[in-house]
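What follows is a set of notes on a single structure, which appears directly below.
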Amino acid sequence: MIEWLGMPVGASAHAVEVDRLMALVHWLMLVMFVGWSTYFTYVLVRFRRGRNPRASYHGVRSRWSTWAEAGVLVSEVVLLVFFAIPFWSRQVDALPAEQGSTVVRVVAEQFAWNVHYPGPDGVFGRTSSDLVSADNPLGLDRRDPAGRDDLTLVNELNLPVGRPAIIWLSTKDVIHSFALPQMRVKQDAIPGVLQPVWFTPSETGQWEIVCAQLCGLAHFRMRGIYRIQTPDEFQAWLAEEAKYLPAY
Amino acid sequence: MAGPSPWATHLSHAGPCSLAALRTAWLRYPNLLRRYLFSTDHKVIGLQYAFTSLFFLLVGFSLAVLIRWQQAYAGQPLPLLTLLVGEVNAPGGIMLPEFYNQLGAMHGTIMVFLGVVPLAVGAFGNYLVPLQIGAPDMAFPRLNLASYWFYAAGGVVMLASFFVPGGAAMSGWTSYPPLADFAPQGQTWWLAGMLLLVLSSLLGAVNFITTIVQLRAPGMTWFRLPFFVWTQLITSFLLLLAFPALQAAAILQGMDRLAGTSFFLPSGLMVGGQAVDVAGGGSALLWQHLFWFLAHPEVYVLVLPAMGIVAEIIANNSRKPVFGYRLMVYSIFVLGFLSFTVWAHHMYLTGMGTTISAIFQATTMIISIPSVIVLSALVLSLHGGSIRFNTPMLFALAFLPMFGIGGLTGLPLGLAATDIPLHDTNYVVGHFHYLVAPGTIFALFAGIYHWFPKITGRMMNETLGRLHFAGSLVTMNLIFFPMLMQGMAGVNRRLWDGGAIYQHAEPVLYLNVPMAHAAFGLALVQVFFIVNLFMSLKGGRRVTANPWEATTLEWAAPTPPRAHGNFDELPRVYRGPYEYSVPGMDVDFLPQHVPDAKAGA
Ligand code: HEM
Ligand SMILES: [Cu+2]
Ligand SMILES: [Cu+2]
């Protein structure tokens with residue numbers, strides 16, 4: 001089923017679960033639609049005026065429709081209780097430990113994704129809106145010792161495969177929505193709110209960061225690139241980027 | 001109640017000089033104005049609503065055709081476009097994103113608030129409810145008149161906003177702040193327009209509730225009400241209880257924009273690298289809660305009257321009672337009630353915890369049950385019938401599977417896990433359009449074909465009706481099914497270029513072209529309807545008072561029903577609304593007002 005739905009490739013650990021639920025729900029929908037349409041067509045043909053000139057006052061008397069409805073209810077409860085709710089508490093609500101994860105900040109603005117890595121010390125440097133300028137969109141304070149080794153990028157996010165990634169998401173201006181379709185990740189970035197989102201990439205590749213919420217005139221091209229790399233590639237990339245850090 | 005409207009007379013005497021022209025016209029053509037513009041007769045007001053809302057449906061639909069065209073051919077010059085919408089909006093035939101975003105926001109707003117609701121409630125409700133309950137008019141005829149004029153004023157404000165500097169609202173029909181707080185002037189006009197429309201709906205709602213409670217004819221007990229009247233009653237309660245939330249929210253957003261408050265603006269915002277000079281401390285999410293607290297019940301306002309219309313037409317054309325009438329009534333009670341408990345399923349991805357998301361997922365699944373019951377009952381009603389396939393019936397029947405697709409595609413959106421990939425994609429657009437376009441709009445067409453002979457004493461043309469039906473059914477599906485496919489592939493909604501810059505959209509991007517052509521085709525087949533409507537007014541086949549051999553009270557009134565008063569003699573009701581094919585009778589229908597079974601035969 002999942003192949004014909006035509007979803008983008010799923011490349012994170014939890015994508016499998018989301019896709020399984022997606023397939024199950026669509027099976028349920030298909031069964032209901034086909035069953036129901038078959039009956040509908042039958043009724044239209046069988047009870048057309050030409051075939052049945054006199055209607056029956058009582059109509060259907062059997063109770064099978066009640067059973068069908070009970071079936072729908074039971075399927076919905078199953079989907080909810082065994083799939084949807086546990087998934088949410090395990091995947092969306094709970095955060096993995098920061099040690100052992102790649103931690104990144106992403107700050108959305110009209111119309112770009114600012115990406116902030118803490119650097120080898122694992123601590124994000126201080127940021128301040130007073131320091132925001134065209135070449136320092138995050139307002140990072142490079143004088144803060146924790147901020148000297150931080151990497152900042154625009155519209156570019158690299159992550160290692162097989163390791164949980166925690167992204168602390170926020171926005172400077174309006175609501176945006178941070179979506180990585182192949183990771184089955186989408187999270188609104190809401191002004192005044194710092195919101196974590198996490199996932200574990202399971203395949204390497206290069207795809208696009210999408211803005212999924214109308215955020216102004218150039219919403220349609222608020223696009224970034226993200227790469228899922230092998231751990232070695234990722235380390236090499238970090239080292240390469242560090243070479244370009246300003247010296248203090 | 002009969003006679004000239006005191007309210008209108010008052011206007012003409014006390015009106016300031018801007019009303020001078022009106023006053024002259026009033027003096028010259030007093031009868032015409034009183035009869036057609038300021039009448040307090042629910043039927044005239046219903047028709048005013050009908051024509052105005054059909055006009056707005058056409059406007060809203062034209063905007064949608066432009067949206068679809070743009071998504072298919074983004075950036076390709078279309079010189080005609082500059083002619084249509086002006087150099088400011090489409091220089092050199094290329095639509096600017098500024099204008100594209102106005103189209104999206106205003107299409108949604110116009111369709112929902114100026115098109116479908118006023119047609120379903122203002123027009124059908126107004127015209128039919130008093131007739132179906134055997135009342136001479138609405139309980140508050142002048143409130144009714146005021147409700148129409150607030151609606152018309154709201155419509156004028158919304159249309160005018162296209163011409164103010166910066167153009168109309170461009171932050172989606174949802175108007176999420178901070179974006180909407182920072183948008184050009186058009187957004188303020190949008191808020192003002194909404195306030196007028198809300199006022200109109202509130203006045204209408206109290207009127208419907210009072211009318212249905214107080215003015216039922218003798219013998220019209222609750223469980224003898226036609227299902228359509230029930231849907232209007234529940235709808236009115238939804239409007240009455242949900243709209244004030246938006247009313248308040250619109251005032252707060254207006255203050256954010258005009259008075260420097262920051263209800264929806266948190267501290268520390270920076271736009272374009274500059275700190276925004278506001279007090280801060282507000283919450284952007286507060287708006288979403290207030291908006292969806294209205295807008296989810298509003299969705300049921302869009303579908304309940306449609307279910308009511310379909311039920312009437314199915315009972316009449318299958319010549320048998322609807323299946324499970326009481327069950328259907330209880331179901332829509334539950335539906336109405338629960339519709340206030342699901343609003344946050346539009347907000348799963350705003351950062352919700354497990355408990356809250358579990359609650360809203362559960363209510364969302366529960367509310368699907370009464371909807372399934374009503375839809376199943378309508379299908380089961382056909383079983384054992386003797387089905388006539390006329391134009392109204394065709395539209396009513398097509399409503400069922402189309403509405404079914406709309407409802408089913410709601411399931412993956414209602415489960416938070418599967419909402420992650422689908423949220424804000426074209427899957428959502430496809431889902432709700434199946435409910436409101438080939439769903440509700442088909443029901444409304446069905447209603448027009450069905451009640452036209454009561455209103456005018458003439459039939460609409462069957463051949464044109466069938467062409468209209470077949471063309472609409474095919475093109476609607478060609479527009480909306482591909483949207484589901486695109487959304488599944490991850491193509492987002494509200495994109496100026498229809499998703500062209502994204503790689504993952506590539507496999508389904510070609511669908512934008514057939515969708516654009518189908519939208520154009522849908523526009524073309526509406527010509528059959530428009531021609532039919534106007535042609536039949538003058539040239540349709542003449543019919544008697546009850547051409548469909550129906551049982552409900554509107555068919556007991558003369559055709560057209562008497563101005564001010566409806567019935568020659570107020571009816572008395574003896575039985576339920578759908579006594580078709582009663583065993584032992586020669587005739588297959590037994591109207592509600594006929595004293596005993598013999599007399600009906
Ligand atoms: C019948 C033909 C219709 C067509 C061809 C049509 C087409 C569209 C299109 C192309 C969009 C924009 C999707 C996007 O932004 O990517 C849209 C949005 C929308 N439509 Fe329709 N539509 C139709 C009828 C309706 C009706 C009857 C209603 C409501 C009762 C409606 C309500 C909306 C709403 C609320 C939106 C969202 C606007 C927003 O993004 O803020 N539409 N429609
Ligand atoms: Cu954005
Ligand atoms: Cu955006």
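The values are calculated or read from the model by the stated rules, or taken from the named source; none is laboratory data. Here the structure is a predicted model, which means the values were calculated and not measured. Because the Cβ atoms are built from the backbone with ideal geometry, glycine has one as well, and the counts that use them run over all protein chains shown.
Side notes on the structure shown:
- Filter pass, B:Ile441 being part of a helix (DSSP H, G or I), of a type in the set (A, V, I, L, M) and either at the interface with another protein chain (Cβ under 7 Å from one of its Cβ atoms) or closer than 19 Å to A:Leu30 by Cβ (or both): no
Each row is one residue, and each column tells you yes or no for (1) of a type in the set (Lys, Arg); (2) more than 16 Å from ligand 3 (Cβ to nearest atom); (3) under 26 Å from the mean Cα position of the chain (by Cα).
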residue	(1), (2), (3)
B:Phe469	no, yes, yes
B:Thr475	no, yes, yes
B:Asn492	no, no, yes
B:Glu506	no, yes, no
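- For region B:366-417, filtering for residues that are assigned to a helix (DSSP H, G or I), at the interface with another protein chain (Cβ under 8 Å from one of its Cβ atoms) and farther than 23 Å from A:Ala70 by Cβ leaves 3.
- Among the numbered conditions (1) within 16 Å of ligand 1 (Cβ to nearest atom); (2) away from chain B (no Cβ under 14 Å), the only one that A:Val161 does not meet is (1).
- Residue in region A:37-49 that is farther than 19 Å from B:Ser581 by Cβ, more than 10 Å from every other protein chain (Cβ to nearest Cβ) and not polar (S, T, N, Q) present: no
- Only one of the listed residues (A:Val106, A:Val115, A:Val174) is outside any strand (DSSP E or B) and crowded, with 20+ Cβ neighbours inside 10 Å. That residue is A:Val174.
- Just one of the numbered conditions (1) surrounded by 21 or more Cβ atoms within 10 Å (Cβ to Cβ); (2) assigned to a helix (DSSP H, G or I) is not true of B:Phe432: (1).
- You will find that of A:Ile167, A:Ile190, A:Ile225, A:Ile175, the residue that is farther than 20 Å from A:Arg90 by Cβ, modelled with pLDDT of 95 or more and more than 15 Å from ligand 2 (Cβ to nearest atom) is A:Ile225 and no other.
- Candidate set: region A:177-198, residues that are among the hydrophobic types (A, V, I, L, M, F, W, C), within 8 Å of another protein chain (Cβ to nearest Cβ) and not in a strand (DSSP E or B); chosen: the one surrounded by the fewest Cβ atoms within 10 Å (Cβ to Cβ): A:Val193
- Within region B:162-184, being in contact (Cβ under 8 Å) with a residue 40 or more places away in the chain, away from ligand 1 (no atom under 13 Å from the Cβ) and either not in a loop (DSSP other than H, G, I, E, B) or not small (Gly, Ala, Ser) (or both) holds for B:Phe162, B:Pro177, B:Pro178, B:Asp181, B:Phe182.
- In region A:104-158, of all residues being within 14 Å of chain B (Cβ to nearest Cβ) and among the small types (Gly, Ala, Ser), the one that is nearest to ligand 3 (Cβ to nearest atom) corresponds to A:Ala108.
- Residues that are in contact (Cβ under 8 Å) with a residue 60 or more places away in the chain and within 16 Å of ligand 1 (Cβ to nearest atom) were ranked within region A:218-248; the one that is nearest to B:Pro97 (Cα to Cα) is A:Ala218.
- Here A:Glu203 fits the description: away from every other protein chain (no Cβ under 13 Å), part of a loop (DSSP other than H, G, I, E, B) and either away from ligand 3 (no atom under 16 Å from the Cβ) or buried (at least 17 other Cβ atoms within 10 Å of the Cβ) (or both).
- Yes/no for A:Trp36 being buried (at least 16 other Cβ atoms within 10 Å of the Cβ), of a type outside the set (A, V, I, L, M) and within 21 Å of A:Arg184 (Cα to Cα): no
- If you go through region B:570-586 and pick out every residue that is part of a loop (DSSP other than H, G, I, E, B) and either in contact (Cβ under 8 Å) with a residue 24 or more places away in the chain or farther than 20 Å from B:Pro321 by Cβ (or both), you end up with 11.
- Leading residue by the ranking (nearest to ligand 2 (Cβ to nearest atom)) among those in region B:74-121 that are more than 29 Å from the chain's Cα centre (by Cα) and part of a helix (DSSP H, G or I): B:Pro91
- Any pair with Cβ under 7 angstrom, 6 or more apart, that starts in region A:143-155 at a residue that is more than 13 Å from A:Glu241 (Cβ to Cβ) and ends at one that is among the acidic types (Asp, Glu): A:Ala146/A:Asp121; A:Gly147/A:Asp141
- A:Val174 vs. criteria at the interface with chain B (Cβ under 7 Å from one of its Cβ atoms) and either away from ligand 1 (no atom under 16 Å from the Cβ) or more than 13 Å from the chain's Cα centre (by Cα) (or both): yes
- Some residue of region A:56-67 being farther than 19 Å from B:Tyr578 by Cα and surrounded by 14 or more Cβ atoms within 10 Å (Cβ to Cβ): yes
- Candidates are the residues of region B:486-506 that are closer than 22 Å to B:Thr409 by Cβ and not in a loop (DSSP other than H, G, I, E, B); the one that is nearest to ligand 1 (Cβ to nearest atom) is B:Asn492.
- Tabulated pairs, region B:507-525, first of a type in the set (Gly, Ala, Ser), second more than 10 Å from ligand 1 (Cβ to nearest atom) and assigned to a loop (DSSP other than H, G, I, E, B), C-beta under 9 angstrom, 6+ apart or interchain: B:Ala516/B:Tyr73
- In region B:547-569, the residues that are aliphatic (A, V, I, L, M), assigned to a loop (DSSP other than H, G, I, E, B) and surrounded by 14 or more Cβ atoms within 10 Å (Cβ to Cβ): B:Ala550, B:Ala557
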